[in-house]
Amino acid sequence: LLLLLAPMLVQAFLDAATLSVINITLAQPAETRLNVEMFVKINNAGPIWARLSGFNATLLDPQGRELGWIGYPRLELQGNTQTVQHVESYLSVIDSDAFREEGLKLLAGKSITWGVHGISVVRTFGLPFRVIV
């Protein structure tokens, strides 16, 4: 019974989690690629420690346009507390017009919300669980 319920519980915990960018630096821009350095805060990731495997996540703007994708490294999630992690990665731009439009909002100091979607593996208690992020 536990093996049937565990994947649903892990996905439910991940669905309840939020990821916020505290600070981000975009560097070495090319036509369709940027280096990214950021500090992220993960809240409500569940009551137990877990490791989220590295994955490629699609970035979506508030209208649902695919801006690009970002490679996330492995993230360690602490139980019952927020987790702050330093991430160095890259961003591959898919829709340069949409990315430019959203980037102008950032440069103007506006707060924006982008969606992040991907598939990864959460490992907890030594067991791997496939999850949708």
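The values are calculated or read from the model by the stated rules, or taken from the named source; none is laboratory data. Note that this is a predicted model, so its numbers are computed, not measured. For neighbour counting, all protein chains shown are included, and Cβ atoms are generated from backbone atoms with ideal geometry for every residue, glycine included. Only protein heavy atoms, including side chains, enter the accessible area calculation; ligands, DNA and RNA are left aside. Shrake-Rupley method; radii C 1.70, N 1.55, O 1.52, S 1.80 Å.
Under 5 Å between amide hydrogens, which residues at least 5 positions from residue 49 or on another chain qualify, with H placed 1.01 Å from N in the peptide plane?
Here 79 satisfy the definition.
Using the alpha-carbon atoms, what tilt in degrees (0 to 90, nearest 10) does helix 2-16 show relative to the longest principal axis of the chain?
Roughly 30 degrees between the two axes.
Give, in nm to one decimal, the length gained when the segment between residue 4 and residue 44 is fully stretched (0.36 nm per residue of separation minus the Cα-Cα distance).
My answer for the length gained is 12.1 nm.
Return one whole number: the accessible area per residue of the chain in Å², for a 1.4 Å probe.
That works out to 62 Å² for each residue.
Pick from 82, 63, 11: which is most flexible by mean-square fluctuation in a GNM of the chain where alpha carbon atoms under 10 Å apart are linked?
For the chain, modelled as a Gaussian network with Cα springs under 10 Å, the answer is 63.
Starting from the Cα of residue 100, move 7 Å in the Cα-to-Cβ direction to define the label point; list residues of the range 48-88 whose amide nitrogen is under 14 Å from there.
In the range 48-88, the label zone of residue 100 (backbone N under 14 Å from the point 7 Å along Cα→Cβ) covers no residue.
Once you order the gyration tensor axes a ≥ b ≥ c over the Cα atoms, which shape class does the range 76-133 get: rounded for a/c under 1.5, otherwise prolate or oblate by comparing a/b with b/c?
Prolate, because a/c is 1.5 or more and a/b exceeds b/c.
Applying the Karplus parametrisation 6.51 cos²θ - 1.76 cosθ + 1.60 with θ = phi - 60° to the phi angles of the range 76-89, what ³J(HN,Hα) value in whole Hz is obtained for each residue in order, glycine and proline being reported as x?
For the range 76-89, the Karplus curve yields 8, 10, 8, x, 6, 7, 7, 10, 10, 9, 8, 10, 10, 7 Hz.
Computing the accessible area with a 1.4 Å probe over protein heavy atoms, can you report the carbon and sulfur percentage for the chain?
58
Once you keep just the Cα pairs under 8 angstrom separated by 6 or more residues, what percentage relative contact order results for the range 1-132?
Once divided by the residue count of the range 1-132, the mean separation gives 26 percent.
Compute the convex hull volume of the Cα atoms of the chain, divide it by the residue count, and report the result per residue in Å³ as a whole number.
Per-residue hull volume (Cα only) is 102 Å³.
What angle do you read, to the nearest 10 degrees and between 0 and 90, between the alpha-carbon axis of helix 96-107 and the longest principal axis of the chain?
90
Given DSSP loops and a limit of at most 14 other Cβ atoms within 10 Å, what is the longest stretch of the chain that contains no such trypsin sites (Lys or Arg not before Pro)?
Excluding the exposed sites themselves, the longest stretch runs over 1-73.
So if each residue of separation counts as 0.36 nm, and I subtract the Cα-Cα distance between residue 16 and residue 56, what length gain in nm does that give?
Here the answer is 12.4 nm.
Restrict the search to the range 41-133; then list the chymotrypsin sites (Phe, Trp or Tyr not before Pro) that DSSP places in a loop and that have at most 10 other Cβ atoms within 10 Å of their Cβ.
Answer by residue number: 125.
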